[in-house]
Amino acid sequence: MRILVIEDEHRISASIKKGLEQEKYAVDVAYDGQDGFDLASDGIYDLILLDLMLPKMDGIQVCRQLRQKNIHTPILMLTAKSQIEDKVAGLDQGADDYLTKPFSFEELLARIRALTRRPHNALSSILQVDDLSLDTTTYEAKRSGQPIALSSKEYSLLEYLIRQQDRIVSKEEIIDHVWSYDADILPNTVEVFIKNLRQKIDHPFPNSQKLIHTVRGFGYKLSAKA
């Protein structure tokens, strides 16, 4: 999944980016509210971490204007302020959750997981399609009970495909959600990673339904349906 961090304190933003990338997220960073708003306006992010006190546009303005543009990406607001009125203001403008600095990275991860879960798996960290399962807490993939070894980027790609289950996604969508903005990725790179995933989750299981489907001219679909 792809996360946008809008945070003007470079030490904090670098620490968050490093930690999230180690947790297999693709991360972009903006250092002021205007740049953050411009990036977020593309609507390609799965979650936005938004600091309240920012130069050019503060977090409240960014949040309000994104919601006015009908961009409903989950927003987790970060701030050094703990007063109840600041929390209320952020939530009233469309933020989905609030985290006060300083915070533990473990709590940040828990909030992110909670905000990015789909309703059908909101009670579990396990994503399931047919006999394929992906644990978003331990990063373990299994099919028919057998562990599947995945690289960091393969895991991110598989998680995205599972979350888009039964929906066709283009190569461009995959790049937008699995790789960071500054990554130099070409469409044929996606083809290589799709091929690698097939070799791990489809080819070794001839008695199971093939899950990764190519929809020629459109993209790919992960589905248990033929």
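The values are calculated or read from the model by the stated rules, or taken from the named source; none is laboratory data. Nothing here was measured: the structure is a model prediction, and the numbers come from that model. Glycine gets a Cβ as well: all are built from the backbone with ideal geometry, and neighbour counts include every protein chain shown.
Select from region 22-41 the residues that are of a type outside the set (Phe, Trp, Tyr) and touching a residue at least 60 places away in the same chain (Cβ under 8 Å) and write down the one among them that is nearest to Arg67 (Cα to Cα). For region 22-41, the residue satisfying everything is Leu39. Scanning region 51-73 for residues that are in a loop (DSSP other than H, G, I, E, B) and not hydrophobic (A, V, I, L, M, F, W, C) yields a count of 7. The set of residues in region 125-157 being touching a strand residue (DSSP E or B) at 6+ places or on another chain (Cβ under 8 Å), touching a residue at least 60 places away in the same chain (Cβ under 8 Å) and not hydrophobic (A, V, I, L, M, F, W, C) consists of Asp131, Arg143, Tyr155, Ser156. Just to verify a result, which residue in region 9-50, among those that are at pLDDT 95 or above and in a loop (DSSP other than H, G, I, E, B), is nearest to the chain's Cα centre (by Cα)? That would be Tyr31. Within region 30-47, being crowded, with 18+ Cβ neighbours inside 10 Å, closer than 12 Å to Arg2 by Cα and in contact with a helix residue (DSSP H, G or I) (Cβ under 7 Å, 6 or more places away or on another chain) holds for Ala40, Asp46, Leu47.
Residues that are buried (at least 20 other Cβ atoms within 10 Å of the Cβ) and either of a type in the set (Phe, Trp, Tyr) or in a loop (DSSP other than H, G, I, E, B) (or both) within region 156-170 comprise just one, Tyr160.
Looking at Ala95, Ala80, which is the one that is under 19 Å from Tyr45 (Cβ atoms), at pLDDT 75 or above, among the small types (Gly, Ala, Ser) and in the same structural domain as Leu52 (by TED's automatic domain parsing)? Quick ask: steps written out before the conclusion?
Numbers: Ala80 fails: under 19 Å from Tyr45 (Cβ atoms).
Exactly one residue qualifies, and that residue is Ala95.
Quick check: is even one residue across region 95-108 of a type in the set (Val, Ile, Thr), touching a strand residue (DSSP E or B) at 6+ places or on another chain (Cβ under 8 Å) and without any contact (Cβ under 8 Å) to a residue 40 or more places away in the chain? Scanning region 95-108 turns up at least one residue that is of a type in the set (Val, Ile, Thr), touching a strand residue (DSSP E or B) at 6+ places or on another chain (Cβ under 8 Å) and without any contact (Cβ under 8 Å) to a residue 40 or more places away in the chain.
For region 172-226, filtering for residues that are of a type in the set (D, E, K, R), over 28 Å from Ser144 (Cα atoms) and crowded, with 17+ Cβ neighbours inside 10 Å leaves 2. Per the conditions (1) at pLDDT below 90; (2) closer than 24 Å to His10 by Cα, the sole criterion not satisfied by Asp58 is (1).
The set of residues in region 175-207 being in contact with a helix residue (DSSP H, G or I) (Cβ under 9 Å, 6 or more places away or on another chain) and in a loop (DSSP other than H, G, I, E, B) consists of Trp179, Ser180, Tyr181, Ala183, Ile185, Leu186. Restricting region 140-155 to residues that are small (Gly, Ala, Ser) and within 15 Å of Gln199 (Cβ to Cβ) leaves a set whose member that is surrounded by the most Cβ atoms within 10 Å (Cβ to Cβ) is Ala141. The single condition among (1) within 21 Å of Ile3 (Cβ to Cβ); (2) of a type in the set (Lys, Arg); (3) modelled with pLDDT of 90 or more that Lys142 does not satisfy is (1).
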